[in-house]
């Protein structure tokens, strides 16, 4: 048995080393050019997601994961980048947050989902993150850091070190950058604008974005701690809400079909989540 464990460990190390060698040229190209193409964006996002998924508690309930992906994919397929393999994961955490990795890996915490009042509020959060992916905000952030050299060492260590434990730690650090990443106001406005478009294309009421943000702002005023991560990464100012109201009012006047604020299965989805063990207070190390 011990020999088998040793052999399996050796195989795992060889796989990781082989993968590292496979992407060495990618890292060198990124460092040399300071730019992240769409193929490189996908490979980096996949690599980071592969490792952070083993370190953060994800909801494994198949029906819940299927439901969140059904809504998210309906939005992603109506974006300007429908070819991206969007994947939506629920982080089993009581914190309130959502973030997107390059390449379409989108995460939303259970704490945020359980604050939604209807399916359009949930869809609004997902659509906003799809907007970040469609506009390549994560890839652009990596490009900026590559130009300053601040992320170069992390990329080298992520792909070139041979020790699996260290490899995973480096990937986790890159994942942490996105977990706590704060987009510029311009990027947030663009993601909001795109989210309204995607929701309307999918027949969902974009006013859910407004009620979701308003509810979080009210909660912050009364009890700021539970939503502190959301506000550190997604500035939700009254100005942003006003801009959303103006945009929704303008585009709704052009729409004749009825937009839905609720979707089949939403109540059952929340019920399944609430029946799971209590979520954790999660902060990436």
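Data for the structure
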quantity: Ascending count of other beta-carbon atoms within 10 Å, so fewest first, for 199, 212; calculated: 212, 199
quantity: Net length gained if the chain between residue 66 and residue 243 were fully extended (0.36 nm per residue, minus Cα distance); calculated: 60.5 nm
quantity: Cα→Cβ-extended label distance, 7 Å offset, between residue 274 and residue 186, nm; calculated: 4.4
quantity: Packing rank of 214-222, 52-60, where each peptide gets the mean count of other beta carbons within 10 Å, highest leading; calculated: 52-60, 214-222
quantity: Stretchable slack from residue 55 to residue 94, in nm (0.36 nm times residue separation minus alpha-carbon distance); calculated: 12.4 nm
quantity: Neighbour-count ranking [beta-carbon atoms within 10 angstrom, fewest first] of 260, 207; calculated: 260, 207
quantity: Sorted peptide list for 42-49, 264-271, criterion being average Cβ within 10 angstrom, highest first; calculated: 42-49, 264-271
quantity: For peptides 238-245, 105-112, sequence by mean Cβ density within 10 Å, most packed first; calculated: 105-112, 238-245
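The numbers here are math on the coordinates, done by the rules we state, and not lab data. None of the values given here were measured: they were computed from a predicted structure. Glycine also receives a Cβ, built like all others from the backbone with ideal geometry; neighbour counts cover every protein chain displayed.
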